[in-house]
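Below is one structure, written out as structure tokens; comments come after it.
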Amino acid sequence: MSTSIYSLSDSGACARYQQLWERAGGIFASLAYAKAAGSVFGLRPRICLHENAALLVHTKGAGIFRRIVVPACTQYSALLLPGPVPAHLIHRQMSPLDLLLQDTEQISHRADLLVPLLDPRTAQWRGWEVRPLFTYLIPLPARTENWSGGARRMWKSKVSEYEIREDAGGARQVIELCAKSYRRHGRTLPARPAALEALAGAMGEWARIFIAVRDRTPEAGFILLHDGQTAHYWIAGSLPGPAMTVLIGEVLPILSQSGITQFDFVGANTPSIAEFKRSFNPVLTPYYHLRRRPRIHPGH
């Protein structure tokens with residue numbers, strides 16, 4: 001069996017990919033996100049298809065300089081796999097993931113992917129670097145009784161001071177808060193604010209924006225990306241203080257009531273940030289950075 005590589009201009013490939021996505025889900029794997037991210041960041045998406053599995057990647061550069069990249073602020077690469085694969089196919093290196101990675105190796109010798117996998121050995125055996133990363137997940141509906149004592153007390157004592165708004169036009173305010181949070185940690189946003197605002201706007205109904213306002217001042221906000229089932233804490237920022245704790249506590253029930261069954265905190269890989277997220281009693285969950293670089297052979 002062979003895999004094939006297509007551009008997004010191939011309507012047949014897009015239709016097959018869409019069918020697989022409707023079964024597997026994941027907002028970062030959607031064609032809508034792939035098209036928007038490709039346009040905003042100047043990348044070229046390619047679809048790798050193999051029967052009931054697919055991988056959509058973004059490429060940058062051309063010729064020998066072409067590489068597969070993860071677009072800025074993208075939590076997961078667009079990997080769609082079937083259910084559990086028989087172990088003998090994994091051990092024989094004939095699994096769907098093997099075939100998809102083989103496709104990426106044909107596209108470029110340089111590649112980065114971020115993927116939620118139960119078993120990353122397939123990539124290791126193909127010579128890819130595999131680095132574990134972690135995120136925190138909250139099954140919804142959530143129970144505030146299970147939060148840490150400090151977070152629960154802060155939410156209860158401060159919630160009456162804030163107005164919680166869902167504001168479809170609030171992306172710029174949230175991005176500004178996010179940029180301020182990055183600066184406090186001595187970092188810069190991974191993308192230009194205008195690009196992030198354009199990407200949020202392109203996602204339409206799949207983006208939800210919430211802001212916590214006190215004394216007419218936005219103190220915390222986040223843009224969530226969702227696929228109807230999982231909401232991702234995509235772009236978020238706040239002023240120092242209780243605002244973000246209050247905002248999360250008020251928004252989780254709203255999400256649950258609208259049919260969202262899981263909240264993904266989008267990373268638990270920085271100690272201070274991970275500790276803040278831990279206070280909401282989430283479940284620590286791994287995913288993996290798969291990286292491929294050209295092998296350098298010694299001269300003869």
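Tabulated data for the structure shown
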{"item": "Filtered residue count, segment 118-148, keeping only those that are among the acidic types (D, E) and assigned to a helix (DSSP H, G or I)", "result": "1"}
{"item": "Filtered residues of segment 214-232 (kept if under 23 Å from N281 (Cβ atoms) and surrounded by fewer than 22 Cβ atoms within 10 Å (Cβ to Cβ))", "result": "Q229, T230"}
{"item": "Strands (runs of 3 or more DSSP E) completely within segment 184-300 that count 2 or more residues being of a type in the set (V, I, T) and farther than 25 Å from I164 by Cα", "result": "283-292"}
{"item": "Filter pass, R131 being charged (D, E, K, R), in contact (Cβ under 8 Å) with a residue 60 or more places away in the chain and surrounded by fewer than 18 Cβ atoms within 10 Å (Cβ to Cβ)", "result": "yes"}
{"item": "Residue in segment 192-215 that is under 27 Å from G38 (Cα atoms) and among the acidic types (D, E) present", "result": "yes"}
{"item": "Evaluation of T59 against (1) farther than 24 Å from G228 by Cβ; (2) open to solvent by 60 Å² or more (accessible area, probe 1.4 Å) (one fails), failing number", "result": "(2)"}
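Matching residues to (1) under 27 Å from T261 (Cβ atoms); (2) surrounded by 13 or more Cβ atoms within 10 Å (Cβ to Cβ):
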position	(1), (2)
I5	no, yes
L8	no, yes
Y17	yes, yes
L20	yes, yes
R23	yes, no
G26	yes, yes
Y33	yes, yes
A37	yes, yes
V40	no, yes
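The values are calculated or read from the model by the stated rules, or taken from the named source; none is laboratory data. All values reported here derive from a predicted model rather than from experimental measurement. Cβ coordinates were reconstructed from backbone atoms using ideal geometry, including for glycine residues, and neighbour counts include every protein chain displayed. Ligands, DNA and RNA are excluded from the accessible area calculation, which covers all protein heavy atoms including side chains. Shrake-Rupley method; radii C 1.70, N 1.55, O 1.52, S 1.80 Å.
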